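Asks: Shown below is the structure under consideration.
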Amino acid sequence: MDNRFKHETLKNNLVPGKVEIFVWRTLKRRITTRTELDDRGIDLDSVRCPLCDDGLETIDHALFLCKHSLNVWDRVYKWWGLGSVSNISINEACRGKSNISMSSIGCNLWQALEWVCVYLIWRNRNLKVFSNKSWNGPTAPMEIQLKSFEWVSTRAKKLKINWNQWLTDPIIYAV
Ligand SMILES: [Zn+2]
């Protein structure tokens, strides 16, 4: 097992602490999806996914397998020039593995990006469930681009990340 997973927290210095904590809770399966709540004996009207209504809302479904989440991942992968997304899971996203060779700061950067995705996909899910805001799949990748830039560029000062470059060809910062 990777050293990072032996500790009680998970670290990536390019994202805020709240994102690290969220990813850690995800790994520990402490995210309150409908099936998790049901397992804890909480009575719910439905344990189906509130976004697609096409499957049980497990953690994997909510963050990766739901067609709406997968669409976001797919667009993020394309933005990074990584082709189509396949077999993404919590463990893979947490490790920041990619199908191309990256520098060590690049691996850190890609991992940070994946963590931002997981965090924002769940946040959007909650807005839909609790505030009845419509899930807006097409704008989610833009939100990810914006937030990741805001968080990462101020923390990875050495990379001198430029907004236009970040939008059009972010992989140059990672290889
Ligand atoms: Zn779904």
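All of the numbers you see were taken from the coordinates with simple rules; none came from a lab. Bear in mind that the values here come from a model prediction, so they are computed numbers and not experimental data. All Cβ positions, even for glycine, are placed from backbone atoms using ideal geometry, and neighbour counts span all protein chains on display.
Asks: What FRET efficiency comes out for the pair Ser89/Asn132, r = Cβ-Cβ distance, R0 = 30 Å, nearest 0.05? Working shown, then result.
Replies: On the way: r = 30 Å, r/R0 = 0.99.
Approximately 0.50, to the nearest 0.05.
Asks: Using only the alpha carbons of the range 104-175, what is the convex hull's orientation-averaged projected area in square nanometres? Please report the intermediate quantities before stating the final value.
Replies: Numbers: hull surface 19.5 nm².
Averaged projected area of the range 104-175's Cα convex hull equals 4.9 nm².
Asks: May I pose another question? So for the pair Ile172, Thr154, with labels modelled 7 Å out along Cα→Cβ, what separation do we get in nm?
Replies: With each label point 7 Å from Cα toward Cβ, the separation is 2.5 nm.
Asks: Turning to a different aspect of this structure: Could you work out the Rg to Rh ratio of the chain, with Rh taken as the Kirkwood radius (inverse of the mean 1/r over all Cα pairs)?
Replies: Numbers: Rg = 16.1 Å, Rh = 16.7 Å.
Radius of gyration over Kirkwood radius for the chain works out to 0.97.
Asks: Using Cα springs under 10 Å in a Gaussian network model of the chain, which residue among Thr33, Thr139, Thr58 shows the largest mean-square fluctuation?
Replies: Most flexible of the set in this elastic network: Thr139.
Asks: Hey, another quick one. Gain in length, Leu27 to Asn71, computed as 0.36 nm per residue apart minus the alpha-carbon separation, to one decimal in nm?
Replies: Details: separation 44, 0.36 × 44 = 15.84 nm, distance 2.18 nm.
Between Leu27 and Asn71, full extension yields an extra 13.7 nm.
Asks: Right, something else. Among Lys158, Lys147, Lys97, whose mean-square fluctuation peaks in a Gaussian network model of the chain (Cα, cutoff 10 Å)?
Replies: Result for the chain, Cα springs under 10 Å: Lys158 fluctuates most.
Asks: Now a separate question. Local charge sum around Val15 (other residues, Cβ-Cβ under 11 Å, Lys/Arg +1, Asp/Glu -1)?
Replies: Working: positive: Lys11, Lys18, Lys147, Arg155; negative: Glu20, Glu114, Glu150.
With Lys, Arg at +1 and Asp, Glu at -1, the neighbours total +1.
Asks: Follow-up. Sum up the charges of everything whose Cβ sits under 13 Å from the Cβ of Leu120, counting Lys and Arg as +1 and Asp and Glu as -1, but leave Leu120 out. Let's see the in-between values first.
Replies: Details: positive: Lys18, Arg75, Arg123, Arg125, Lys128, Lys147; negative: Glu114, Glu143, Glu150.
Its environment carries a net charge of +3.
Asks: Using a 10 Å cut-off around each Cβ, can you sort Arg29, Arg75 from fewest to most neighbouring Cβ atoms?
Replies: On the way: Arg29 13, Arg75 18.
Starting with the residue having the fewest Cβ neighbours, the order is Arg29, Arg75.
Asks: With a cap of 10 neighbouring Cβ atoms within 10 Å, and only residues DSSP puts in a loop, list the GluC sites (Glu not before Pro) found in the range 1-105. If you can, show how the numbers build up before the last one.
Replies: On the way: sites: Glu8, Glu20, Glu36, Glu57, Glu92; in loops: Glu8, Glu57.
In loop regions of the range 1-105 (DSSP not H, G, I, E or B), the sparsely surrounded GluC sites (Glu not before Pro) are Glu8.
Asks: Let me ask something additional. How much net charge surrounds Trp79 when only the other residues with a Cβ under 15 Å from the Cβ of Trp79 are counted, with Lys and Arg +1 and Asp and Glu -1?
Replies: On the way: positive: Arg75, Lys78, Lys147; negative: Asp74, Glu114, Glu143, Asp169.
Taking every other residue near Trp79 into account, the sum is -1.
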